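Chemist: Quick one: the structure is below, and I'll ask about it shortly.
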Amino acid sequence: MWVDPGDDPREAGVETDDERTTVLDYLRRYRLTLELKCADLDAEQLARRSVPPSTMSLLGLVRHMADVERHWFRREMAGQDAPRRYRSEQDRDGDWNGAVPDPAVVDEAWRAGRRGVSFADQCVAGYAGLGVRGVTGVPLRDVLVHMIEEYARHCGHADLLRERIDGRVGQ
């Protein structure tokens, strides 16, 4: 999974001269890193669990992050009524448990994640500053830093999951 720096989609040549640009570029890079960790895998591989008793899989991570994006940007920042896609009171681990080796489930997870990222990007672009507060008073700055932390943690999981699937490691 080593990518030549000239071909690495995370290297966008963005000048990070200010806080907003820096934070958004880090978030963009981590989003792309999760996609790279999942690249070229079929539904069975994406749904493959780590080690018992964990239900974690790459597909579960994609589903989980789609819901995280949805929560923080649609619910918290935009104040929308956006129920969770996968998790419910009956199945609090639905993002992981529903990550089954079905191409339709994989396609839906990627669509949900990309819609979430697109909405988040539009939402953030609509705010003049990072100090704007969401419906519960959380500043956008904190949401963005939390998203970086969330992706960074799960990209670490994705490294191990991918290595277990086909031995590939990444930078």
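The values are calculated or read from the model by the stated rules, or taken from the named source; none is laboratory data. Small disclaimer: the values here were computed from a predicted structure and weren't measured. Virtual Cβ from ideal backbone geometry, glycine too; neighbours counted across all protein chains shown.
Chemist: Collect the residues in region 25-57 that are within 18 Å of Asp166 (Cα to Cα), in contact (Cβ under 8 Å) with a residue 40 or more places away in the chain and within 11 Å of the chain's Cα centre (by Cα), keeping them in residue-number order.
Modeler: Those that are within 18 Å of Asp166 (Cα to Cα), in contact (Cβ under 8 Å) with a residue 40 or more places away in the chain and within 11 Å of the chain's Cα centre (by Cα): Thr33, Leu34.
For (1) touching a Ser or Thr at 6+ places or on another chain (Cβ under 8 Å); (2) of a type in the set (Asp, Glu); (3) surrounded by 11 or more Cβ atoms within 10 Å (Cβ to Cβ), each residue gets a yes or a no:
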residue: Gly131; (1), (2), (3): no, no, no
residue: Gly134; (1), (2), (3): no, no, yes
residue: Gly137; (1), (2), (3): no, no, no
residue: Asp142; (1), (2), (3): no, yes, yes
residue: Tyr151; (1), (2), (3): yes, no, yes
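Chemist: Mind listing whichever residues of region 77-92 are surrounded by fewer than 19 Cβ atoms within 10 Å (Cβ to Cβ) and touching a residue at least 40 places away in the same chain (Cβ under 8 Å)?
Modeler: Ala78, Gly79
Residues checked against (1) crowded, with 17+ Cβ neighbours inside 10 Å; (2) more than 17 Å from Trp110 (Cβ to Cβ); (3) charged (D, E, K, R); (4) at pLDDT 95 or above:
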position: Pro5; (1), (2), (3), (4): no, yes, no, no
position: Val14; (1), (2), (3), (4): no, yes, no, no
position: Asp18; (1), (2), (3), (4): no, yes, yes, no
position: Thr21; (1), (2), (3), (4): no, yes, no, no
position: Ala43; (1), (2), (3), (4): yes, no, no, yes
position: Pro53; (1), (2), (3), (4): no, yes, no, no
position: Leu59; (1), (2), (3), (4): yes, no, no, yes
